[in-house]
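Notes for the one structure printed next.
The values are calculated or read from the model by the stated rules, or taken from the named source; none is laboratory data. None of these values were measured; they are calculated from a predicted model. We place every Cβ from the backbone using ideal geometry, glycine too, and count neighbours over all the protein chains shown. When the accessible area is computed, the model is the full protein with side chains, heavy atoms only, and any ligands, DNA or RNA have been set aside. Shrake-Rupley method; radii C 1.70, N 1.55, O 1.52, S 1.80 Å.
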Amino acid sequence: MVAEAYEQIACEVEDGILTLTLDRPDVLNAFTPRMQQELIDACDRIDADDAVRAVVVTGRGRGFCAGADLSAGGSTFDAEARGGAIRDDRGLPPRDGGGLVTLRLFNLTKPVIAAINGPAVGVGVTMTLPMDVRLASETARFGFVFTRRGLVPEAASSWFLPRVVGISRALEWVCTGRVFPAEEALAGGLVRSIHPPDELLPAARALAREMAEGTSPVSVALSRQMLWRMLGASHPMDAHRVDSRGIADRGSSPDAREGVESFLEKRPASFPLRVSDGMPDFYPWWEEPEFS
């Protein structure tokens, strides 16, 4: 992946794994509109690059992301005070920047692993919710602190968080707004595992390689979208419809032939189709009237 000259993130690709690093270490990688734009641009480039099979997101220095940059003081979240519009020409409020990032992550066709190396508070933790697996350092701390700042959850976290940890745990963390350690995040299902600081990135990259090696890129992309989107389905019949179309398309594809033949011949598979030009005709199925 050829990255732009990013100012607040950094991207590095090795062996098909892209490591995306939040890169404002002097302020614990606090989130800004510039970081928002760079994250969305990076997602666009990741989706367009078949050489990238999986993504690891981490933070530079001792923090993952301390939340929104509060350098503007009490007007940090006041769009009008900062010279912005409080309503667009349709009378709607401006889109939440964290939500624009999480929705783009949700739509990615590559699996994403968060390697949370330190404090992850506010948008610093909500941005990880659409990532597929979260690993934490022993030094990580988490906080859905919105009620303590006179705000409400953002980044579509009112949708993601209950689906990740359950409604009761989500309400406890959001309504108290407390900051809690990695052990509580593990017990609550927010993170998969806890690691010594120097073992966190190697563990995340090892999991990313496991997702990337020996798997069909198109099958991984479709499977990721199927599982996430079925969390909002009203009936298992919705899943059955998509499963049936996926099995019919994939079953007749060169990937399925290669998958079966390589298994029978006891050799590594070499799947020919790529995400950039090999997705089935029914993708994205959720935009069809049947699913809207």
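Taking all protein chains into account, the per residue accessible area for segment 1-69 stands at 43 Å² (1.4 Å probe). Across all directions, the average projected area of the convex hull around the alpha carbons of the chain is 17.2 nm². With 0.36 nm allotted per residue and the present C-alpha distance subtracted, the residue 107-residue 186 stretch has 25.9 nm of extension available. Subtracting the Cα-Cα distance of residue 198 and residue 233 from 0.36 nm times their residue separation leaves 8.6 nm of extension gain.
Counting protein heavy atoms only, segment 228-292 has 56 percent of its accessible area on carbon and sulfur, 1.4 angstrom probe. Pairs of C-alpha atoms in segment 21-77 farther apart than 19 Å represent 38 percent of all such pairs. Helix 33-48 against the longest principal axis of the chain: what's the angle in degrees, Cα atoms only, rounded to the nearest 10? Here the helix axis deviates by roughly 0 degrees.
Against the compact-protein benchmark of 2.2 N^0.38 Å, the Cα-based radius of gyration of segment 217-275 scales to 1.30.
Put simply, segment 76-232 fits an ellipsoid with semi-axes of 28, 21, 14 Å; these come from the alpha carbon gyration tensor as the roots of five times its eigenvalues, largest first.
Computed on the chain, with alpha-carbon pairs under 8 angstrom and 6+ residues apart, the relative contact order is 16 percent.
Which FRET efficiency, nearest 0.05, do residue 175 and residue 277 yield, Cβ-Cβ r, R0 41 Å? Write out the running numbers ahead of the final one.
On the way: r = 47 Å, r/R0 = 1.15.
Here the calculated transfer efficiency is 0.30.
Only helices enter the 222 nm calculation for the chain: every DSSP H run of n ≥ 4 contributes -39,500 (n - 2.57), and dividing by all residues gives -12000 deg cm²/dmol, rounded to 500. Under a Gaussian network description of the chain, with springs only between Cα atoms under 10 Å, the residue in 243, 255, 132 that fluctuates furthest is 243.
Treating each Cα of segment 182-292 as an identical point scatterer and summing with the Debye formula, the log10 of I(q)/I(0) at q = 0.09, 0.16 Å⁻¹ comes to -0.36, -0.92.
Could you give the accessible area per residue of segment 132-261, probe 1.4 Å, as a whole number in Å²?
Working: 6460 Å² over 130 residues.
Heavy-atom accessible area per residue stands at 50 Å².
Please list 159, 286 in order of solvent-accessible area, largest first, computed with a 1.4 Å probe with all protein chains present.
On the way: 159 80, 286 60 Å².
Final ranking, largest accessible area leading: 159, 286.
If the chain linking residue 247 and residue 14 were pulled fully straight, counting 0.36 nm for each residue of separation and taking away their Cα-Cα distance, it would gain 80.7 nm.
Take every DSSP beta bridge with both residues inside the chain and express the antiparallel ones as a percent of the total, to the nearest 5. Don't skip to the answer; put the middle values down first.
Numbers: 9 of 30 bridges.
The antiparallel fraction comes to roughly 30 percent.
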